[in-house]
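Please treat every number below as a calculation from the coordinates, not as lab data. Everything numeric in this text was worked out from a predicted model, so none of it was measured. Ideal geometry is used to build each Cβ from the backbone, glycine not excepted, and the neighbour counts take in all protein chains shown.
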Amino acid sequence: MSNKQKKKLSPVQQEYQDFVNKREPQRPLFQNCIRAFLVGGTICLIGQLISQFYMQFLDFNEQTAGDPTVATLVFLAVLFTGLGVYDHLAQWAGAGTAIPVTGFANSIASAAIEHRSEGFVLGVGGNMFKLAGSVIVFGVFAAFVIATLKVILLQGLGGV
Amino acid sequence: MIQGRTWVFANPPSITASAAVGGPFEAKGPLADDFDLLHEDLWLGQDSYEKAEKKLLEQASERAIDKAGMRKEDIQFFLAGDLMNQVISSNFAARTLAVPYLGLFGACSSSMESLALGSLLVDSGYAERVLVGTASHNAAAEKQFRYPTEYGSQKPPTAQWTVTGAGAAVLTNREEGIRVTSATVGRVVDMGIQDPFNMGAAMAPAAVDTIEAHFRDLKNPEYDLILTGDLGKIGHTTAADLLEKHGLKLPNDRFGDCGLMIYREDQPVQAGASGCACSACVTYGHVLNRMRKGELKKVLIVATGALLSPLSYQQNESIPCIAHAVALEGGVSS
């Protein structure tokens, strides 16, 4: 774990790292996976219930219920971040709270709260996307690449 | 007098008074009774964590000066350090104190760096009353070095918890009480560890290097207790094993780590505590209290510091580390 990006180590450094590696507890990978599955799955289940609610009681169908469902989950994640609960849940759940849209909301809200002390413009505005920014940048870029590929392939196949 | 890289003080300065201030999480720990002041509020009524950290250092300083029966004008020099960029907490606390000041940065080793240098000033006769202190704040450190405090990232079991607190001590040339007898200045040791969530492993070799130098320079001195600053579980085990491998076996009941003392086993701190305030609070609170009671006579504190910055880590630099050791000796009458 300590040497993910192993640079050229001297023999003494290498010897020490082998020495210390034996004394490091590893991340409990299996347990983390189970917890991530349970919590991540629960968040998705809640999302499904919210979606059902919108379809059942409000004027939404399966296509249109997605947007208000995401908005509701994001709102809840921001609320729990503000109440100081989300980070504690995340320590237990790991990827379970990080991967769903709620994790994305948490990354933005937590950065906004954290940098409130530096003012609205340089603090909140400038730092809100500190963590989420790279997700957006690479997400948009990946979407662009995929969309370009799709167009080229479809054109190449003669508009099938 | 110098022996190797150890200063042996000819006129050992006295730690006339000391104080430790802590936050809400420290208040739940086993050493709560050894703090002079514990805060329920992580913000200390301030509007930023950085200001809260400054406040911690100011309060520890005030308490220490007060307990020494002095006023702040009596302090001739103030030596302090913290973890914030440009050591702002110390600088701003020094602004409040308005006494001659030297700001130090040795990361978490600043506690003993300031004590060693303060002692040198008093020993050499260039000062009679010196105030030394360090502070750290959990949320301020998280904000600067890691992620926003409310961000849901899962910490690995090797991670450590930065102590919210401050410790300060007044050193004088009086010949009484607890004395600072020697100090060993550390070298920067880098074993190529790059993971900032594994500071204990990075810092252990620096601690070992300084402890060995100290024992070599002073020809195997005896101590009732040797404490490293903030190695945590992994670092402490590694350091103990490394020392044994190098032929210096320290008995388990006499070799500990401040980072393993300040919190209870069931507090969620992963591998243990860290931060400038970790060794400062444990030393200036708990350890000195025990020495005053006569439970401990000779103690060696080896404060360890990881000299990384968020920038150096992002640029894939490894973590250079340092450790400074200071030996304390309790007077017979106390």
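Using C-alpha pairs under 8 Å with a sequence gap of at least 6, the mean separation divided by the residue count of region B:9-77 gives a relative contact order of 33 percent. Computed over region A:27-156, the convex hull of the alpha-carbon atoms projects to a mean area of 11.5 nm². Mean silhouette area of chain B, derived from the convex hull of its C-alpha atoms and averaged over all directions, reads 15.2 nm². Setting aside same-chain residues fewer than 8 positions from B:Lys143, which aspartates and glutamates have a Cα under 12 Å from its Cα? Within reach: A:Glu114, B:Glu50.
Taking each residue of B:242-255 in turn, how many C-beta atoms of other protein chains fall within 10 Å of its C-beta, and what is the average? Display every interim value, and only then the final one.
Details: counts 3, 0, 0, 1, 0, 0, 0, 0, 0, 0, 0, 0, 0, 0.
Going residue by residue through B:242-255 and averaging, the value is 0.
How charged is the neighbourhood of A:Gln91? Take every other residue with its Cβ under 14 Å from the Cβ of A:Gln91, and add Lys/Arg as +1 and Asp/Glu as -1. Mind dumping the intermediate values first?
Values: positive: A:Arg27, A:Arg35, B:Arg146, B:Lys155; negative: A:Asp87, B:Glu142, B:Glu150.
In short, +1.
If I take every Cα pair under 8 Å that is 6 or more residues apart in region B:2-172, average their sequence separation and divide by the length, what percent do I get for the relative contact order?
Values: 332 pairs, mean separation 53.0, N = 171.
This gives 31 percent for region B:2-172.
Set the Förster radius R0 to 22 Å, insert the Cβ-Cβ distance between B:Asn289 and B:Asp266 as r into 1/(1 + (r/R0)^6), and round the FRET efficiency to 0.05.
Numbers: r = 24 Å, r/R0 = 1.09.
The computed FRET efficiency comes out at 0.35.
About its Cα centre, the dipole of the protein assembly as shown is roughly 780 debye, where the only charges are +1 on Lys and Arg Cβ and -1 on Asp and Glu Cβ. Applied to region A:19-35, the Karplus parametrisation 6.51 cos²θ - 1.76 cosθ + 1.60 on θ = phi - 60° returns per-residue 3J(HN,Hα) values of 4, 7, 4, 5, 9, 8, x, 7, 4, x, 4, 5, 4, 4, 5, 4, 5 Hz, with x for Gly and Pro. Taking other Cβ atoms within 10 Å as a rough exposure proxy, B:Trp161, B:Trp43 sort from fewest to most as B:Trp43, B:Trp161.
Axis angle, to the nearest 10 degrees, between helix A:101-114 and the longest C-alpha principal axis of chain A: 70 degrees.
Listed by number, the DSSP H helices of chain B that run 18 Å or longer by alpha-carbon position along their axis and have mean Kyte hydropathy of at least -0.5 are B:110-124, B:199-217, B:232-245.
So what's the protein assembly as shown giving for Rg/Rh, alpha carbon basis, Kirkwood Rh from the mean inverse pair distance? Kindly include the intermediate steps, with their values, before the conclusion.
Details: Rg = 25.7 Å, Rh = 24.3 Å.
With Rh from the inverse mean 1/r over Cα pairs, Rg/Rh is 1.06.
Normalised by the empirical 2.2 N^0.38 Å for globular proteins, what value does the Cα Rg of region B:197-327 take? Don't jump to the answer; show the numbers that get you there.
On the way: Rg = 14.6 Å, N = 131, 2.2 N^0.38 = 14.0 Å.
So the Cα radius of gyration is 1.04 times the expected 2.2 N^0.38 Å.
The residues B:Ser48, B:Ser114, when put in order of fewest to most other Cβ atoms within 10 Å, stand as B:Ser48, B:Ser114.
Over all pairs of different C-alpha atoms in region B:279-334, the reciprocal of the mean inverse distance, the Kirkwood hydrodynamic radius, equals 13.4 Å.
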